1. Shape of segment B:1-93 from its Cα gyration tensor (a ≥ b ≥ c, root eigenvalues): rounded if a/c is under 1.5, otherwise prolate when a/b > b/c, or oblate?
2. Let's see if you can work this out: charge +1 on each Lys and Arg Cβ, -1 on each Asp and Glu Cβ, no other charges. What is the dipole magnitude of chain B about its Cα centre, in debye to the nearest 20?
3. Shape call for segment B:53-93 from the C-alpha gyration tensor, a ≥ b ≥ c root eigenvalues: rounded (a/c under 1.5), prolate (a/b greater than b/c) or oblate?
4. Along its principal axes, what span do the Cα atoms of the protein assembly as shown show, with the longest given first and each in whole Å?
5. In degrees, nearest 10, range 0 to 90: what is the angle between the Cα axis of helix B:52-64 and the longest Cα principal axis of chain B?
6. Compute the semi-axes of the equivalent ellipsoid of chain B, taking the square root of 5 times each eigenvalue of the Cα gyration tensor, and list them largest first in whole Å.
7. Using a 10 Å Cβ count of at most 14 others and DSSP loop calls, identify the longest part of chain B lacking such trypsin sites (Lys or Arg not before Pro).
Amino acid sequence: MADPKNELWEVVQQEQERLQAMEVDESLILANLRLSPFERLLQHDRSLALALALKDAHETGAKLER
Amino acid sequence: MPTKPAPNSSAELLRRLVGSEVEFIVVGGVAAVLQGASILTVDLDLCVPFSQANLSRLLPLLVELDARFRAHPDRPRLVPDVEHFSAFRLLMLETSLGPVDVLREITGIGEFEEVSRSSLEVDLGDFRCRVLGLEGLISTKRAVGRDKDLRVLAELEATLRLRTLRHLP
């Protein structure tokens, strides 16, 4: 039988993770505001390419090139 | 096996749209990024008038960019049939410069004319384009109200507050 205390802990942990995921890091926004709109867009596209490469590498087990 | 999506080049895509004299307003995640929000978004969302004049400039560009229907990659590529597409409300496309969603209407705001009233011009160096302002982005995220929109809502509200504190338009 499942331990209700552990189940509750899991729910609390999930909720904490959910709230953490909703946190906004204002320092990142302030750093963006120091850039021009064009620089913000380039930085976004680079970050997205990196995120997709990491996801792809994770899924295929491939190593990333520097 | 599905083909790997092209790497995004939002700046180049916007430059090509401006160069082709397409009327458009950037909405969605890229509009938020251009105004300072720290989010990652995969597709470029554009609100456009689906007039024959505008489609006759937009569709040939999309064909040049090898546009395909994202939900139906097995279908033939997009053709510049202005008459046919003038009745559409949404085109979800994969292009050689990344995914693009072309929208007639924005939830909570309206069609191009209404979206235009809530937009501002952004300087991208050698060209300029219009983007939906943060207040507009916030109102549409509230109107849509999915979990992922609510996560972005907090980021948009913080960006608007920080821009206001810094007296940015």
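No lab work stands behind these numbers, since they all come straight from the coordinates. Source: prediction; values computed, not measured. Here the Cβ is made from the backbone with ideal geometry for all residues, glycine too, and neighbour counts use every protein chain on show.
1. It comes out oblate by the Cα gyration axes.
2. Around 420 debye, computed over chain B.
3. oblate
4. Result for the protein assembly as shown: principal-axis Cα extents of 64, 50, 39 Å.
5. Relative to chain B, helix B:52-64 is tipped by roughly 80 degrees.
6. Each semi-axis is √(5λ); the values are 27, 17, 16 Å.
7. Longest run free of exposed loop sites: B:1-76.
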